[in-house]
Amino acid sequence: MNDKLKQIANIAKQKTWVSFMHENDPYSLLHWSIAGIYQEPKDVWLLQDEMTFTTTEFATLDEAIQWIKEHLPNVTEIL
C-alpha cells in the first residue's frame, strides 16, 4: 500500500472520516454507524464522490482502501 493510502486509512480510523483528491476530483471516506430517521444501527464505510454525490458502501475500511487502490490510483492530496 502506498503512503497516501496508508495516510487515508490512518486518518479514517482516528477521525472516522477523511477527504482527499483524486486528480482534480474531491472524495470523502466516512464511517456511518447510524442510519435514517429512526436511528437504525448501521456499520459501514461510505466513499462519496463530492462532485456527483454518488456513494459506494463497504463493509470494512480495508475493503474501502482496496477499492480506492484499484479505482482511484492517483490520490494527489489529502485534505
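The values are calculated or read from the model by the stated rules, or taken from the named source; none is laboratory data. This one's a predicted model, so the numbers in the text were calculated from it and none came from an experiment. Ideal geometry is used to build each Cβ from the backbone, glycine not excepted, and the neighbour counts take in all protein chains shown.
Could you tell me whether region 40-63 includes any residue that is crowded, with 16+ Cβ neighbours inside 10 Å, touching a residue at least 40 places away in the same chain (Cβ under 8 Å), in a loop (DSSP other than H, G, I, E, B) and in contact with a strand residue (DSSP E or B) (Cβ under 6 Å, 6 or more places away or on another chain)?
For region 40-63, residues crowded, with 16+ Cβ neighbours inside 10 Å, touching a residue at least 40 places away in the same chain (Cβ under 8 Å), in a loop (DSSP other than H, G, I, E, B) and in contact with a strand residue (DSSP E or B) (Cβ under 6 Å, 6 or more places away or on another chain): absent.
Of everything in region 17-30, what is within 9 Å of the chain's Cα centre (by Cα) and more than 9 Å from GLU77 (Cβ to Cβ)? Give them in sequence order.
Of the residues in region 17-30, the ones within 9 Å of the chain's Cα centre (by Cα) are 17-20, 27-30.
Correct list: TRP17, VAL18, SER19, TYR27, SER28, LEU29, LEU30.
What is the number of the single condition among (1) surrounded by 11 or more Cβ atoms within 10 Å (Cβ to Cβ); (2) among the charged types (D, E, K, R); (3) modelled with pLDDT under 95; (4) out of contact with any helix residue (DSSP H, G or I) (no Cβ under 8 Å at 6 or more places or on another chain) that GLU23 does not meet?
(1)
Do you know which residues across region 26-48 are closer than 17 Å to GLU63 by Cα, at pLDDT 85 or above and of a type outside the set (Phe, Trp, Tyr)?
Step one: list which residues in region 26-48 are closer than 17 Å to GLU63 by Cα, which gives 27-33, 42-48.
Subsequent filtering for residues that are at pLDDT 85 or above retains 27-32, 44-48.
Residues satisfying the conditions are SER28, LEU29, LEU30, HIS31, VAL44, LEU46, LEU47, GLN48.
Confirm whether VAL18 is buried (at least 16 other Cβ atoms within 10 Å of the Cβ), of a type outside the set (Lys, Arg) and modelled with pLDDT under 95.
Working: buried (at least 16 other Cβ atoms within 10 Å of the Cβ): yes; of a type outside the set (Lys, Arg): yes; modelled with pLDDT under 95: no.
In short, no.
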